[in-house]
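Colleague: Okay, handing you the structure first.
The values are calculated or read from the model by the stated rules, or taken from the named source; none is laboratory data. From a predicted model like this one, the values you see are computed outputs, not experimental measurements. Here the Cβ is made from the backbone with ideal geometry for all residues, glycine too, and neighbour counts use every protein chain on show.
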Amino acid sequence: MSEVERAKGYIHGSTDPREVARLEKQAGFAWRFVGPKFIAHKGERVLDLATGVGAMAEQILMHHPGVRLFGADVRMSQLRSAKANHPGVTLVNADGARLPFKDAVFDRIHCSWLLEHVPNPVAILRECRRVTRPGGTVHFVEVDNATFRLVPPDPEIEAVMDALNRAQTASGGDPFVGQKLGALFREAGFEQVSLSPSALHGRWDDPAFYAECITEFAEIFESIDEAVDPEMAQRAHAAAQKLRARLGMRGSEFHYSGVLAVATR
């Protein structure tokens, strides 16, 4: 199955203004945790793979001005949005498993939240290795939904999370791919791979950060595309309301950990 086929199983909205705003906000939130380990220098060629609407590409340009940034995505609708909002990025319509670039042309590759949606992540990682120069680095940020935990537990919210995980798995994705990144990178031919958990631990007694954590996941639930699964979207929206209701709940906590993999070619 190609990345084109993978896109059909994507369960979030695509380019409506609300979804674009959510993705850009999410990118800024995530960059605080994974950005410090992304190093790029002026003049280097950088690929933002699965760039989507260009949200993470914007973060790269903000923090690394002077790089030659390319953004690749299989979905033309998202690339049109990226072109309108981020003219500093050279955009390419491309399947991540069949990149239209020569060997060893990039110094850095960044990718966020792609492998959770694809049935063959190793094919994409092999392509990344092919187009990265020797000594260059490949950075992937991925999910591990097994780490989602609420204190105190909420069976209804957790049931919705489980249902979303099952739906993603049924569409050929893997909501737990973060815990497999080391093995996947090695299978793709990388010998030097560093893995770092990106842990979120929000508590009721740190209301500002707690609100950021809760809001981030509530907005993910609210982004479920009704055109894909109306019943799931309705359940997810109800779960989002319950999540938001936890703000100010004495003793409540939120736990989640994504995974950052940095591999050297």
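Colleague: Name the single residue, out of those in the stretch 16-55 being outside any helix (DSSP H, G or I), surrounded by fewer than 18 Cβ atoms within 10 Å (Cβ to Cβ) and of a type outside the set (K, R), that is modelled with the lowest pLDDT.
Modeller: Per the criteria, the residue is D16.
Colleague: For the list (1) among the hydrophobic types (A, V, I, L, M, F, W, C); (2) over 18 Å from E44 (Cβ atoms); (3) in a loop (DSSP other than H, G, I, E, B), I need the number of the one condition that A104 fails.
Modeller: That leaves (2) as the condition not met.
Colleague: Still on this structure, please answer the following. List pairs: first in the stretch 196-213 and free of Cβ contacts under 8 Å to residues at least 24 places away in the same chain, second among the small types (G, A, S), Cβ under 7 Å, 6+ apart or cross-chain?
Modeller: From the stretch 196-213, the pairs are F209/G202.
Colleague: Further question: Look at A211 and say whether it is of a type outside the set (D, E, K, R), outside any loop (DSSP other than H, G, I, E, B) and at pLDDT below 95.
Modeller: Taking the combined requirement at face value, the residue does not satisfy it.
Colleague: On to the next question. How about the stretch 129-208: which strands (runs of 3 or more DSSP E) wholly inside it have at least 1 residues that are modelled with pLDDT of 95 or more, within 21 Å of the chain's Cα centre (by Cα) and among the acidic types (D, E)?
Modeller: 132-142
Colleague: Separate question: Take the residues of the stretch 46-66 that are touching an Asp or Glu at 6+ places or on another chain (Cβ under 7 Å) and in contact (Cβ under 8 Å) with a residue 40 or more places away in the chain: which is nearest to V118 (Cα to Cα)?
Modeller: Residue satisfying both the conditions and the ranking: A50.
Colleague: Still on this structure, please answer the following. Residues in the stretch 80-121 that are buried (at least 21 other Cβ atoms within 10 Å of the Cβ), among the polar types (S, T, N, Q) and either within 17 Å of H64 (Cβ to Cβ) or in contact with a Cys (Cβ under 9 Å, 6 or more places away or on another chain) (or both): how many?
Modeller: Residues flagged as buried (at least 21 other Cβ atoms within 10 Å of the Cβ), among the polar types (S, T, N, Q) and either within 17 Å of H64 (Cβ to Cβ) or in contact with a Cys (Cβ under 9 Å, 6 or more places away or on another chain) (or both) within the stretch 80-121 amount to 1.
Colleague: State whether one or more residues within the stretch 230-253 are under 30 Å from R126 (Cβ atoms) and either of a type outside the set (A, V, I, L, M, F, W, C) or touching a Lys or Arg at 6+ places or on another chain (Cβ under 7 Å) (or both).
Modeller: For the stretch 230-253, residues under 30 Å from R126 (Cβ atoms) and either of a type outside the set (A, V, I, L, M, F, W, C) or touching a Lys or Arg at 6+ places or on another chain (Cβ under 7 Å) (or both): absent.
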